[in-house]
1. Suppose we filter the stretch 126-155 for residues that are out of contact with any Pro (no Cβ under 7 Å at 6 or more places or on another chain), buried (at least 17 other Cβ atoms within 10 Å of the Cβ) and closer than 23 Å to R56 by Cα; how many remain?
2. Any chance the stretch 143-164 includes a residue that's at pLDDT 80 or above, of a type in the set (D, E) and part of a helix (DSSP H, G or I)?
3. L104 versus (1) within 12 Å of the chain's Cα centre (by Cα); (2) modelled with pLDDT of 90 or more: which is the lone unmet condition?
4. Select from the stretch 15-51 the residues that are outside any helix (DSSP H, G or I) and open to solvent by 70 Å² or more (accessible area, probe 1.4 Å) and write down the one among them that is farthest from Q3 (Cα to Cα).
5. If I go through the stretch 16-52 residue by residue, how many of them are closer than 19 Å to A131 by Cβ and touching a residue at least 12 places away in the same chain (Cβ under 8 Å)?
6. Within the bounds of the stretch 69-78, is there any residue that is modelled with pLDDT under 95, in contact with an Asp or Glu (Cβ under 9 Å, 6 or more places away or on another chain) and either surrounded by 10 or more Cβ atoms within 10 Å (Cβ to Cβ) or under 15 Å from F6 (Cα atoms) (or both)?
Amino acid sequence: MRQLEFTEFYQAERDRCLRAVLAVVVDRQLAEDLVSEAFTRAWMSWQKVRRHPAPRAWIVRTALNLRVSWWRRRRREVELGNAYEVADATGSDPAVDPKLLAVLRQLPQRQREVVVFRVLLDLDTEATARALGMARGTVTAHLSRAVATLRGQLVTEQSREGGS
């Protein structure tokens, strides 16, 4: 029963969680690794996670926390030359608009996280605030600034494309 319930959750939410993490993380392979690790941890603590008010948010928050740990380990590594290449962030996923991801990545980190939780994960302000550990007003302020920036960027891009 427990395995079936988790399997259904995984199949229903994996892609959505991956898109949410991908909106914050630049590298698609890293995003996939983080989401896989987060789902592994969810399986290990499934009794707790299944009772969470927003299990999908638990997965994404865990993945983003894992990214911080990954970054801390990585900054202690020595880079071998200038041949470092960033993987294509979008891959061939038709559900991810590369233009939107590019504009999202220009936002400050906290604004990007708020957009991911509020828009991509469809959480309300209260759940987003709990998941990100911030006040409701801070979530609202970050979302407002992010939407204004995105609107300005996307409208400008559309008018350039339309005027060409």
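1. Initial filter on the stretch 126-155 (out of contact with any Pro (no Cβ under 7 Å at 6 or more places or on another chain)): 126, 128-155.
After this cut, where a residue has to be buried (at least 17 other Cβ atoms within 10 Å of the Cβ) as well, the list is 128-132, 139, 142-143, 146, 149-150, 153.
Now restrict to residues that are closer than 23 Å to R56 by Cα: 128-132, 139, 142-143, 146.
Number of matching residues: 9.
2. Checked the stretch 143-164: no residue is at pLDDT 80 or above, of a type in the set (D, E) and part of a helix (DSSP H, G or I).
3. With respect to (1) within 12 Å of the chain's Cα centre (by Cα); (2) modelled with pLDDT of 90 or more, L104 is out only on (2).
4. Here is the first cut: in the stretch 15-51, the residues outside any helix (DSSP H, G or I) are 25-27, 45, 50-51.
Okay, now just the ones that are also open to solvent by 70 Å² or more (accessible area, probe 1.4 Å), so 26, 50-51.
Details: V26: 32, R50: 12, R51: 15 Å.
Applying the filter and picking the extreme gives V26.
5. First, the residues of the stretch 16-52 that are closer than 19 Å to A131 by Cβ: 16-25, 31, 34-35, 37-39, 41-42, 45-46, 48-52.
After this cut, where a residue has to be touching a residue at least 12 places away in the same chain (Cβ under 8 Å) as well, the list is 16-25, 31, 34-35, 37-39, 41-42, 46, 50.
Final tally of qualifying residues: 20.
6. Of the stretch 69-78, the ones modelled with pLDDT under 95 are 69-78.
When the remaining residues are screened for being in contact with an Asp or Glu (Cβ under 9 Å, 6 or more places away or on another chain), the result is 70.
Then drop every residue that is not either surrounded by 10 or more Cβ atoms within 10 Å (Cβ to Cβ) or under 15 Å from F6 (Cα atoms) (or both), which leaves 70.
Within the stretch 69-78 (the criterion being modelled with pLDDT under 95, in contact with an Asp or Glu (Cβ under 9 Å, 6 or more places away or on another chain) and either surrounded by 10 or more Cβ atoms within 10 Å (Cβ to Cβ) or under 15 Å from F6 (Cα atoms) (or both)), the answer is yes, since at least one residue qualifies.
The values are calculated or read from the model by the stated rules, or taken from the named source; none is laboratory data. Just so we're clear, the structure is a prediction, and the values are computed from it rather than from any experiment. Ideal geometry is used to build each Cβ from the backbone, glycine not excepted, and the neighbour counts take in all protein chains shown. What goes into the accessible areas is simple: the full protein's heavy atoms, side chains included, and nothing from ligands, DNA or RNA. Shrake-Rupley method; radii C 1.70, N 1.55, O 1.52, S 1.80 Å.
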